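Okay, so here's the structure we're looking at.
The values are calculated or read from the model by the stated rules, or taken from the named source; none is laboratory data. Given the structure is predicted, the values throughout are model-derived calculations rather than measurements. Positions of Cβ are generated from backbone atoms using ideal geometry, with glycine treated the same way; all protein chains shown enter the neighbour counts.
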Amino acid sequence: MPASNNSKKAVLKKSFTATDFSNTNFSAAKYYFNRELSWLDFNDRVLDQASDPNNPYLEQLNFIAIASSNLDEFFMVRVAGVYDQFNANVEIAENKTRMTPKELLNAIADKNHNNITKQYDRYHQLVKALPKYGVALSQVAQLDEEERLEADRYFNDFVLPTLSPLGVDAYRPFPHLNNKALNIFVSLSKEGEDHLALIPVPALLDRLILLKAHQTPHRYLFIEDLIISHLDKLFIGYSINYAYPFRITRSADFDIIEDNAEDLLELMEDYVKQRRNGFAVRLELDSSYDADYQEDHIDFLKDRLNMKKRDIYPINGPLDLTFLFDFIETLRDQHPEASYPPFTPYLNPDHQGQSLFEAIRKKDLFFNHPYDSFDPIVNLVQEAAEDEETISIKQTLYRVSKHSPIIAALKKAAENGKEVTVLVELKARFDEENNVYWARELEDAGCHVLYGVSELKTHSKITLIIRKEADRIRRYVHLGTGNYNDKTAKIYTDMGIMSAKDELTQDASNFFNFLSGYSERPQYKHLHVSPFEIRDSLQDYIEDEIKFQQEYGNGQIIAKMNSLTDKQLIKTLYEASQAGVQIDLIIRGICCLKPGVPGVSENIRVRSIVGRFLEHSRVYFFNRNGHHHLFLSSADMMTRNMIKRVEIEFPILDKEIEDTIIEILKLQLSDTLKARILQTDGTYVRPDASEIQVNAQEIQLAQAQKAQETQVKEVMQVKENKSWFERILQRFR
């Protein structure tokens, strides 16, 4: 078991300093990858899944949509942030690679233009196969007479009344265009004079229109194509020179000034409205409509939107490929063979109802989602809400689902007279509006609602249940790496534990008391909590591993996370590599550390796994000469997680659970099908799968399925072994 924070240093005296290593300048830019460019490499790995023949057809299309959705957020936040630096004349955009904002914006544009070309090349290849599944994405020009008549009727009845064409001239100013919304640029002429007009496509119109004139293949039209084919009905008396759809992406990177805010809920509502008016950071236009569109009209949009040429993306195909999400769902039921096969997460029947509390009292419980069902985590709150012995429930919420059963349970608990304290993080990016709504709902139900911590985001995942059992108070805690979101729990990999150990539950009580009241920062026995301790704890354990390597020659670190950007931790990992510590990093997304550099990081290996599920769990393992320390955490090794968020890093105190997690790490390190290995030059290469083909996610799925099937057989066997009298008695009861 890990020693306490205060005594841990006494376990192992440090006998080295940075000068014990080479005089390497770890601050040199050549030892780092840029954060934004590394993210684009991650999105490229997502795109690779759209070309993986091991993925079913509809899943390949789904990865195309995921890449588009990812990219929208990247521009709204990350690119917008670099533009803020550029406009403020900041000299260095990022302290690791020392690039100027202009250099970084140009590099982003170069890499992303290549990625977009790759994405649309694959999109066009995939949609050609749609007729095999009985559907086709068509243009109006491809319709026969009967289909054309149907399209005309649809336009006249459902589209034309909703459109508002906007001329642009001295008397009609350039309009405000909504973020990520489709628009149509129209070049007109009349009596020798040219005119310009814009048509915003109403957001509530269906993007795809199903024609029913023919049964197979079912033809779908894009709404923008239907509008463009009927422009003569909108601009009567004018000649249409050409038209094309376009779309702008706006900045959503605003600072929230919390000081002196009397009502943070109202502040966040204003913030959400402000986001809609951010400056433009990307202009996409569908160049497939007219190869002869005039360059000066693109310059017109560029100038009106105050954009640079690098921000313009002429695209050979439909804009905003996130339309594929809904389109794919219409095909899944008819073509299950084109989707991932369904699976049932493992659910132990003892982890439901009152038996869940009994199970936790016996030993710590471990959950590895989505392979293990998320139901016990929901049930923990639901059961506590109805349980007469429950006194109070405390929980942090960062992102929850639209119809969250956990929110419903918390409301029910308050209605039942329980003391319910909920920290709802209002500043969870792109979930602010949703969280403001839930905060009001919880307050109305009688919950004590906290809005987070000033200048910090509360990203920790923790639930504390306090019950009165017989003649004592007993506490139960759930700690996890992922959000309390029953929807994403089916597609994100996350880990968590439930425990009734006094040393953990006391730490949990101290954590909530610190958040909800006024007190000095607690002295935790087992938890590490940022923004004060997580970076220091990780750094201490890395440095301790160096000492173990020097003394025993068996230094080993395995760390799994979403992203690695923190320069201090990277430097310490470089020191560990120089000392000979063997380091394996499993990093799904951004990695600023450069592995394999001779004399610096030759003992560090980095791999990324992108597959059916989004790898989201954070795991930190230190060998310590065989006396392992293993932590789970809500925090990545990112600077923002270290100093700008309230995060929790918690130890695994149960040896059986520790062994299980280590086996999962080893399995992921053996993956040859979904893993990609980061090279010193920044490229990612596939492992050699010629002899051994390992898909870590599929193996864990198979294990969960086998456990579930075994569970069902055992239950059936118990039923069969019951006497006829017991079965009748049970039915009677």
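In the list Asp536, Asp507, Asp540, which residue meets the criterion of being under 27 Å from the mean Cα position of the chain (by Cα) and modelled with pLDDT of 95 or more? Break it down stepwise before answering.
Values: Asp507 fails: under 27 Å from the mean Cα position of the chain (by Cα); Asp540 fails: under 27 Å from the mean Cα position of the chain (by Cα).
The unique qualifying residue is Asp536.
Considering (1) surrounded by fewer than 17 Cβ atoms within 10 Å (Cβ to Cβ); (2) not assigned by TED's automatic domain parsing to the domain that holds Leu669, say which one Asn483 fails and leave the rest.
The single condition Asn483 does not satisfy is (1).
So Asn641 passes all but one of these: (1) buried (at least 21 other Cβ atoms within 10 Å of the Cβ); (2) modelled with pLDDT of 95 or more; (3) closer than 30 Å to Ala28 by Cα. Which condition number does it fail?
Against the list (1) buried (at least 21 other Cβ atoms within 10 Å of the Cβ); (2) modelled with pLDDT of 95 or more; (3) closer than 30 Å to Ala28 by Cα, Asn641 comes up short only on (2).
Select, from Phe63, Phe74, Phe42, Phe33, the only residue that is in contact (Cβ under 8 Å) with a residue 60 or more places away in the chain and within 16 Å of the chain's Cα centre (by Cα). It would help to see each step written out before you state the result.
Values: Phe63 fails: in contact (Cβ under 8 Å) with a residue 60 or more places away in the chain; Phe74 fails: in contact (Cβ under 8 Å) with a residue 60 or more places away in the chain; Phe33 fails: within 16 Å of the chain's Cα centre (by Cα).
The unique qualifying residue is Phe42.
Failed condition for Asp144, given (1) surrounded by fewer than 17 Cβ atoms within 10 Å (Cβ to Cβ); (2) under 34 Å from the mean Cα position of the chain (by Cα), with all others met?
(2)
So which residues in region 509-525 are surrounded by fewer than 16 Cβ atoms within 10 Å (Cβ to Cβ), of a type in the set (S, T, N, Q) and either free of Cβ contacts under 8 Å to residues at least 40 places away in the same chain or assigned to a loop (DSSP other than H, G, I, E, B) (or both)?
Result: Asn513, Ser519, Gln523.
For region 147-169, give me the residue count where each residue is surrounded by 15 or more Cβ atoms within 10 Å (Cβ to Cβ) and over 39 Å from the mean Cα position of the chain (by Cα).
Going through region 147-169 one residue at a time, the tally reaches 5.
Would you mind telling me which numbered condition in (1) under 21 Å from Phe366 (Cβ atoms); (2) in a helix (DSSP H, G or I) Asp536 fails?
(1)
For region 577-594, enumerate the residues that are under 21 Å from Ala28 (Cα atoms) and buried (at least 23 other Cβ atoms within 10 Å of the Cβ).
Matches in region 577-594: Ser577, Ile590, Cys591, Cys592, Leu593.
Answer yes or no: is there a residue in region 534-546 that is more than 30 Å from Gln60 (Cα to Cα), β-branched (Val, Ile, Thr) and surrounded by fewer than 21 Cβ atoms within 10 Å (Cβ to Cβ). Don't jump to the end; show me each part of the working.
Step one: of region 534-546, the residues more than 30 Å from Gln60 (Cα to Cα) are 534-546.
Next, from what is left, pick out any that are β-branched (Val, Ile, Thr): 534, 542, 546.
Subsequent filtering for residues that are surrounded by fewer than 21 Cβ atoms within 10 Å (Cβ to Cβ) retains none.
For region 534-546, residues more than 30 Å from Gln60 (Cα to Cα), β-branched (Val, Ile, Thr) and surrounded by fewer than 21 Cβ atoms within 10 Å (Cβ to Cβ): absent.
Within region 117-151, track down each residue that is under 21 Å from Leu226 (Cβ atoms), in contact with a Leu (Cβ under 8 Å, 6 or more places away or on another chain) and either polar (S, T, N, Q) or not assigned by TED's automatic domain parsing to the domain that holds Leu331 (or both). Can you show your working first?
Our first condition is that a residue be under 21 Å from Leu226 (Cβ atoms); within region 117-151, this holds for 123-124, 127, 130-131, 135-151.
From the residues that got through so far, the ones that are in contact with a Leu (Cβ under 8 Å, 6 or more places away or on another chain) too are 123, 127, 130, 135-140, 143, 147, 150-151.
If the condition is that a residue be under 21 Å from Leu226 (Cβ atoms), in contact with a Leu (Cβ under 8 Å, 6 or more places away or on another chain) and either polar (S, T, N, Q) or not assigned by TED's automatic domain parsing to the domain that holds Leu331 (or both), then Ser138, Gln139 are the ones that fit.
Regarding Ser633, is this residue buried (at least 22 other Cβ atoms within 10 Å of the Cβ) and more than 26 Å from Tyr492 (Cα to Cα)? Working first, answer last.
Values: buried (at least 22 other Cβ atoms within 10 Å of the Cβ): yes; more than 26 Å from Tyr492 (Cα to Cα): no.
No: the conditions fail for Ser633.
Looking at this structure, is Ile236 out of contact with any strand residue (DSSP E or B) (no Cβ under 8 Å at 6 or more places or on another chain) and at pLDDT 90 or above?
Values: out of contact with any strand residue (DSSP E or B) (no Cβ under 8 Å at 6 or more places or on another chain): yes; at pLDDT 90 or above: yes.
Answer is yes for this residue.
Hey, does region 469-481 have a residue that's over 25 Å from the mean Cα position of the chain (by Cα) and of a type in the set (Ser, Thr, Tyr)?
For region 469-481, residues over 25 Å from the mean Cα position of the chain (by Cα) and of a type in the set (Ser, Thr, Tyr): present.
With region 1-93 as the region, which helices (runs of 4 or more DSSP H) entirely inside it contain at least 1 residues that are under 30 Å from Leu104 (Cβ atoms) and either at pLDDT 95 or above or of a type in the set (A, V, I, L, M) (or both)?
Details: elements: 5-11, 35-48, 57-74, 80-87.
Helices (runs of 4 or more DSSP H) meeting the threshold: 35-48, 57-74, 80-87.
Search region 71-116 for residues being β-branched (Val, Ile, Thr) and in contact with a Leu (Cβ under 9 Å, 6 or more places away or on another chain), and hand back the single one that is nearest to Thr322 (Cα to Cα).
Here is the first cut: in region 71-116, the ones β-branched (Val, Ile, Thr) are 77, 79, 82, 90, 92, 97, 100, 108, 116.
Still in the running and in contact with a Leu (Cβ under 9 Å, 6 or more places away or on another chain): 79, 82, 97, 108, 116.
Details: Val79: 20, Val82: 25, Thr97: 33, Ile108: 21, Ile116: 14 Å.
Among them, the one singled out is Ile116.
Among the numbered criteria (1) closer than 22 Å to Ile497 by Cα; (2) touching a residue at least 60 places away in the same chain (Cβ under 8 Å); (3) buried (at least 19 other Cβ atoms within 10 Å of the Cβ); (4) not charged (D, E, K, R), which one does Thr660 miss?
Result: Thr660 fails condition (3) only.
So which pairs qualify, if the first residue must be in region 130-158 and in contact (Cβ under 8 Å) with a residue 40 or more places away in the chain and part of a loop (DSSP other than H, G, I, E, B), the second must be exposed (fewer than 12 other Cβ atoms within 10 Å of the Cβ) and polar (S, T, N, Q), the Cβ gap must be under 7 Å, and the two must be at least 6 apart or on different chains?
Close Cβ pairs satisfying both conditions: Gly134/Thr216.
Looking at region 46-67, can you tell me whether even one residue there is among the hydroxyl-bearing types (Ser, Thr, Tyr) and surrounded by 20 or more Cβ atoms within 10 Å (Cβ to Cβ)? Explain how you work it out, then say what you get.
Keep residues of region 46-67 that are among the hydroxyl-bearing types (Ser, Thr, Tyr), which gives 51, 57.
Now restrict to residues that are surrounded by 20 or more Cβ atoms within 10 Å (Cβ to Cβ): none.
No - not one qualifying residue is present in region 46-67.
(1) within 27 Å of Ser617 (Cβ to Cβ); (2) surrounded by fewer than 19 Cβ atoms within 10 Å (Cβ to Cβ): which one isn't true of Ser530, the others all being true?
The single condition Ser530 does not satisfy is (2).
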